[in-house]
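Asker: This is the structure, below, for whatever I ask next.
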Amino acid sequence: MTALKYQKGTTTMKEKINVTDYANLITKAIPKGVLLNTNGDKFNTMIIGWGHLGTLWNRQTFHVYVRQGRYTKAQLDKTQEFTISIPLDKPDPTINKICGWQSGRDIDKVKEAGLELVDAETIHTPGIRQYPLTIECRVLYSQDQDLSKIPEDIREKTYPRDVDGTYPMANRDFHTMYVGEIVDAYIIK
Ligand SMILES: Cc1cc2nc3c(=O)[nH]c(=O)nc-3n(C[C@H](O)[C@H](O)[C@H](O)COP(=O)(O)O)c2cc1C
């Protein structure tokens, strides 16, 4: 366990983990919503329901898929790093509602959702105390999706051409895949 200074002045303990030991928990948590945190112009977070642990070029990785219009995308492109915050039990409905339906362009999600930030160990993007399983990543690779290669039924449902990219759910914007190399992982105590 490492003792770290919490940004509001109290001490935070972190238990280092091997993410593969938590693969089952992580895989089950993702479709219910986990947090993708960025720290560019300011700290921001958004819910993701798509993503996965992986291995690429012999590196341990976490892959996320972010639509073009998300504020998160602008931040990711700027900082090239992110943290993933995962609840150990059920997701908090208030956190999921605010962080999955509102944009950091319009609101301060830390304030609105009452998030408690905890400094990261290796990068500059904090984790979140309420969703304590934390994975720190540096972007290793990113790639825009090619809509023409997506099966038609999925394309029509997931990328409706008549819905503007500002809509929080399915809209016309394709995703960019970001492959993050995992540089640290722990549970905030
Ligand atoms: C359950 C759930 C899963 C979501 N998964 C994703 C996702 O994987 N990728 C994505 O781009 N948006 C996803 N969203 C939508 C974003 O969380 C939402 O648009 C958010 O407001 C974007 O915030 P931002 O503009 O501050 O980046 C999801 C929303 C919910 C509620």
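The values are calculated or read from the model by the stated rules, or taken from the named source; none is laboratory data. Small disclaimer: the values here were computed from a predicted structure and weren't measured. Heads up, the Cβs are rebuilt from the backbone with ideal geometry, glycines too, and the neighbour counts pull from every protein chain shown. Ligands, DNA and RNA are stripped out before the accessible areas are found, and what is left, the full protein with its side chains, is counted by its heavy atoms. Shrake-Rupley method; radii C 1.70, N 1.55, O 1.52, S 1.80 Å.
Asker: Hey, which of these cross-link pairs are over 27 Å Cα-Cα: Lys28/Lys78; Lys109/Lys189; Lys73/Lys189; Lys78/Lys189; Lys78/Lys111?
Answerer: With Cα atoms farther than 27 Å apart: Lys28/Lys78; Lys73/Lys189; Lys78/Lys189.
Asker: Kindly provide the helix-only [θ] at 222 nm of the chain, computed as the sum of -39,500 (n - 2.57) over DSSP H runs of four or more divided by all residues, to the nearest 500 deg cm²/dmol?
Answerer: One gets -5000 deg cm²/dmol as the mean residue ellipticity at 222 nm.
Asker: Would you compute, for the Cα atoms of the chain, the largest minus smallest coordinate along each principal axis and list the three values in descending order, in whole Å?
Answerer: Principal extents (Cα only, largest first): 50, 39, 31 Å.
Asker: With a 10 Å cut-off between alpha carbons and a GNM built on the chain, which of Asn39, Asn171, Asn58 moves the most?
Answerer: Sorting by GNM fluctuation, first place goes to Asn58.
Asker: Under 5 Å between amide H atoms, partner at least 5 residues away or on a different chain: which partners does Phe174 have, H built in plane at 1.01 Å?
Answerer: Amide H to amide H, under 5 Å and 5 or more residues apart or across chains, Phe174 pairs with Gln68.
Asker: Take the stretch 32-98, drop everything but the C-alpha atoms, weight them equally and run the Debye formula without solvent; then report log10 I(q)/I(0) at 0.17 Å⁻¹ to two decimals.
Answerer: Result of the Debye calculation: -0.65.
Asker: Once the dipole of the chain is set up with Lys and Arg at +1 and Asp and Glu at -1 on Cβ about the Cα centre, which of Ser85, Val19, Gln130 lies farthest towards its positive end?
Answerer: Value computed over the given set: Gln130.
Asker: For the stretch 89-189, what D do you get in µm² per second when you plug the Kirkwood radius from alpha-carbon pairs into Stokes-Einstein at 20 °C and 1.002 mPa s?
Answerer: Answer from the Stokes-Einstein relation: 133 µm²/s.
Asker: With the other protein chains left in place, how much accessible area per residue, in square angstrom, belongs to the chain at a 1.4 angstrom probe?
Answerer: 51 Å²
Asker: Highest mean first, how do 144-150, 70-76, 48-54 rank when packing is the count of other Cβ atoms within 10 Å averaged over residues?
Answerer: 70-76, 48-54, 144-150
Asker: So, with +1 on the Cβ of K and R and -1 on the Cβ of D and E, and no other charges, what is the size of the charge dipole of the chain about its Cα centre, to the nearest 20 debye?
Answerer: Here the size comes out at about 280 debye.
Asker: Moving on. Bin by bin, in steps of 10 Å, what percent of the Cα pairs in the stretch 131-189 do you find, going until the bin that has the longest distance?
Answerer: Distribution as computed: 20, 32, 27, 19, 2 percent.
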